[in-house]
Amino acid sequence: MGYARILLALAVTLSLGACSGVQKMAVGTTAGLLFDAAYEMETEPDWDHLKDGVGPNLKMVEGLYHLSPEDDDLLVALVKGYTAYAFAIFETEALAEQLAGKNDSKALAKAQHFYSRAIEYGIQYFKEEGISWNDLVQATRDAEGVPGLLSKKLPSNQRAHEGAAFFAQALGGLINLKKDDMILVAQLPVAKGMFDWVCTENPNINHGACNLFYAAYEAGRPRMLGGNPEKGKELFKKAMELNPSNWLVHTTYLQYYVIPMGDEDEWAEVKKTLNSAAQTNAANMVWRPGREEDQAFSNPSIRAFQAVALKRWEIIKKFENEYF
């Protein structure tokens with residue numbers, strides 16, 4: 001479902017002027033289209049094109065949201081969109097600045113800001129579903145935990161699963177970028193509990209996001225906070241086996257385990273995989289008669305994940321001599 005249809009629906013909505021009741025009805029129709037059409041962005045194979053397109057589309061969704069602030073489709077679209085914007089674009093740019101030794105990272109500040117915006121929209125979404133932030137925090141201390149709370153309050157459908165998954169990613173991403181903020185770090189059980197619920201309900205969501213989260217969760221935390229790098233390595237290996245075409249698993253493995261642990265053997269193995277992926281991807285980007293589709297690109301919805309992974313690999317490999 002393309003964006004031309006979305007823009008047409010938006011034009012109809014805005015042309016209704018001050019007739020607020022009809023306006024909200026039209027926005028509601030458009031919101032459902034937007035929620036479905038958001039999946040089109042996942043098919044974008046070019047990182048630079050993705051970067052240029054996400055921001056304007058998010059502002060369009062925000063415009064509709066301000067006309068109908070109780071619409072759950074719009075709220076989840078904004079949680080998902082701003083989480084992806086922070087992760088795919090600004091965390092990627094921040095990685096380049098970090099590896100280059102730049103201390104004043106504008107990209108890092110942008111990533112923190114857009115993760116925060118996703119969290120704020122997420123809190124509003126959960127409020128619409130009868131769950132406050134205090135409820136989530138309290139649930140981490142209860143026997144049934146956050147999964148028990150979400151099971152009681154949320155429907156088991158794609159919208160709820162994505163709302164919880166991307167909210168948890170935004171919260172976890174912000175915590176990871178601000179590890180020195182102990183108040184934020186203390187909220188990590190909320191993110192973990194949300195993933196526990198989502199990954200029980202929909203274990204294959206977003207091309208292995210569950211396996212990737214748990215691997216990074218183990219490998220990325222200091223041992224004093226319960227981290228277990230070797231368990232993280234096992235989970236990364238499992239995630240790569242289950243989702244071989246989601247190269248984000250490979251680049252995250254490099255960031256969270258291989259480089260910090262100085263594992264040259266694993267570096268060589270992942271390097272070979274990603275260099276091959278980059279070459280195959282480059283060939284796939286140019287049309288030619290009779291071109292056979294590589295198996296890695298058989299699922300269009302994984303293309304944006306691959307684009308982010310290859311952009312990060314392009315950055316990471318420039319600094320190879322500094323890792324070992």
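The values are calculated or read from the model by the stated rules, or taken from the named source; none is laboratory data. In this text the structure is predicted, and so the values were computed from the model without any measurement. All Cβ positions, even for glycine, are placed from backbone atoms using ideal geometry, and neighbour counts span all protein chains on display. Note: accessible area is taken over every heavy atom of the protein model, side chains too, but ligands, DNA and RNA are not part of it. Shrake-Rupley method; radii C 1.70, N 1.55, O 1.52, S 1.80 Å.
Annotations for the structure displayed:
- A straight Cα-to-Cα reach below 17 Å connects Lys272 with the aspartates and glutamates Glu241, Asp263, Glu264, Glu314, Glu320, residues fewer than 8 places away in its own chain not being considered.
- Here the Kirkwood formula, the inverse mean of 1/r across different C-alpha pairs, assigns region 60-135 a hydrodynamic radius of 13.4 Å.
- Based on the reciprocal of the average 1/r between different C-alpha atoms, the Kirkwood radius for region 185-324 equals 16.2 Å.
- Evaluated at q = 0.14, 0.18, 0.27, 0.28 Å⁻¹: base-10 log I(q)/I(0), Debye formula over Cα of region 255-324: -0.51, -0.77, -1.29, -1.35
- Glu128 paired with Lys231, simple spin-label distance in nm, labels 7 Å along Cα-to-beta-carbon: 3.6 nm
- Averaged per residue, the chain has 48 square angstrom of accessible surface, using a 1.4 angstrom probe with ligands and nucleic acids left out.
- Cα convex hull of the chain, projected area averaged across orientations, nm²: 18.0 nm²
- Region 242-288: mean projected area of Cα convex hull, nm²: 3.7 nm²
- Remark: for residue pairs Lys192/Lys231; Lys237/Lys311; Lys271/Lys317; Lys51/Lys192, the C-alpha separation exceeds 19 Å in Lys237/Lys311; Lys51/Lys192.
- Whole-angstrom gap from region 214-229 to region 129-206, using each part's C-alpha centre: 18 Å
- Full extension of the chain segment joining Phe319 with Met224 gains 31.3 nm, where the gain is 0.36 nm per residue of separation less the Cα-Cα distance.
- Share of carbon and sulfur in the accessible heavy-atom surface of the chain [1.4 Å probe, %]: 53 percent
- A viscosity of 0.890 mPa s and a temperature of 25 °C, combined with the Kirkwood radius over C-alpha pairs in the Stokes-Einstein formula, give region 89-219 a diffusion coefficient of 160 µm²/s.
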